[in-house]
Amino acid sequence: MPLNCVLTTGAFAACLAFALPAIAADKHETVKFGAGKNSATLSGSLKGYDAVVYGIGANASQAMTVSFSPSNLSCYFNVTAPGSETALFFGSESGNEYAGMLPASGDYVVRVYLMRNAARRGETCDFRITFKVTG
């Protein structure tokens, strides 16, 4: 909170409104493959601190690839295993392509987001993302 905020009820509320980032509105989607298919390509869009969160069910020892094509160079995705709070893939460090053997069975989370610098400026990101699970 800024140091010049007086802690009266009204001033506190006004200071708090400026001290906190905008509240993100995450969009949640479940990835479903068509009959006989092992991949799906989806399109999406996000703005500012919003995120698009995909859930995709898979089993341990299956191979998963995620290919990402964003319109904004500050737009990335992370992959998190079921029951984990730490991502097993960080797009901001590793790029726009994930490929790996899955460590656990369950619902994986793929979260698409803008880096803080772009989110703070209210930038947008249009993207295409392809999921593939084999094995």
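State all residues of region 106-127 that are charged (D, E, K, R) and farther than 19 Å from Thr80 by Cα; if no residue qualifies, say none. Give the derivation first.
We begin by selecting, within region 106-127, every residue charged (D, E, K, R); these are 107, 111, 116, 120-121, 123, 126.
Arg116, Arg120, Arg121, Glu123, Asp126 - these are the residues of region 106-127 that are charged (D, E, K, R) and farther than 19 Å from Thr80 by Cα.
Have a look at Ser61, Ser67, Ser43 and point out the one that is surrounded by 13 or more Cβ atoms within 10 Å (Cβ to Cβ), of a type in the set (S, T, N, Q) and either at positive phi or at pLDDT 95 or above (or both). So that I can check it myself, show each step before the final result.
Details: Ser61 fails: surrounded by 13 or more Cβ atoms within 10 Å (Cβ to Cβ); Ser43 fails: surrounded by 13 or more Cβ atoms within 10 Å (Cβ to Cβ).
Unique residue meeting the criteria: Ser67.
Among all residues of region 7-20, there is none that is farther than 25 Å from Arg121 by Cα, under 16 Å from the mean Cα position of the chain (by Cα) and either at pLDDT below 90 or surrounded by 14 or more Cβ atoms within 10 Å (Cβ to Cβ) (or both). Each residue in region 51-70 was checked for being in contact with a strand residue (DSSP E or B) (Cβ under 7 Å, 6 or more places away or on another chain) and either without any contact (Cβ under 8 Å) to a residue 60 or more places away in the chain or under 15 Å from Asp26 (Cα atoms) (or both), and 7 of them qualify.
May I ask you to verify whether Leu73 is closer than 30 Å to Arg121 by Cβ, in contact (Cβ under 8 Å) with a residue 12 or more places away in the chain and either surrounded by fewer than 16 Cβ atoms within 10 Å (Cβ to Cβ) or in contact with a Lys or Arg (Cβ under 8 Å, 6 or more places away or on another chain) (or both)?
Working: closer than 30 Å to Arg121 by Cβ: yes; in contact (Cβ under 8 Å) with a residue 12 or more places away in the chain: no; either surrounded by fewer than 16 Cβ atoms within 10 Å (Cβ to Cβ) or in contact with a Lys or Arg (Cβ under 8 Å, 6 or more places away or on another chain) (or both): yes.
So Leu73 fails the test.
The values are calculated or read from the model by the stated rules, or taken from the named source; none is laboratory data. Quick caveat, the model's predicted, so the values are computed rather than measured. Please note: Cβ atoms are built from the backbone with ideal geometry, for glycine as well, and neighbour counts cover all protein chains shown.
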